[in-house]
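Novice: Supplied in structure tokens, the structure appears directly below.
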Amino acid sequence: MKRWSIIFAVVFVLSGAVWAADKTFQEIDKNKDGKLNMEEFDQEALRVFNENDKNHDGALNKSEFSQVKGAQSKFEDLDANKDGKVDMNELRDAAIKKFNQLDQKRNNYLADDDLKCSPRYKPEASPLYGIYF
Ligand SMILES: [Ca+2]
Ligand SMILES: [Ca+2]
Ligand SMILES: [Ca+2]
């Protein structure tokens, strides 16, 4: 009995994770073609930016940036002009750079296989988890 409940729990967790990842990809994939183009990628970067700009000053300070889920880049690396804040342009430049880095086939879109190439890709999370920053 105990063994079965463990198996059920594992199956439940696995199917939930797949569903969650899929849903997020679909949400970002606005035109529903199964790929992320630069515009869709950029829109998601903006959404993450706005969500984390808690004091609405148009930039992320270090404490706001520390709340960005899955962020792995250093704040200092994103703050190109070294004014102690990451503004929208700095963030978008970083997102474009990241897009080009992930788009290894140079076809101007990211499909699931491009995202899986990222060492930061985590199948249990959003496909974009931690790869923007
Ligand atoms: Ca798309
Ligand atoms: Ca702010
Ligand atoms: Ca800056």
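Computed from the coordinates by the stated procedures, all read-outs in this text should not be read as laboratory data. Keep in mind the model is a prediction, meaning the values are calculated, not measured. Reconstructed Cβ throughout: ideal geometry from the backbone, glycine too, with neighbour counts over all protein chains shown.
Novice: Determine the sum of side-chain charges near Arg92: Lys and Arg each +1, Asp and Glu each -1, restricted to other residues whose C-beta is under 13 angstrom from that of Arg92.
Specialist: Computed value for this residue: -3.
Novice: Same structure again: Could you pull out every residue, at least 5 positions away or on a different chain, whose amide H is within less than 5 Å of the one on Asn37? Hs are placed 1.01 Å off N in the peptide plane, and Pro or chain starts have none.
Specialist: Counting only residues 5 or more places away or on other chains, the set is Leu110.
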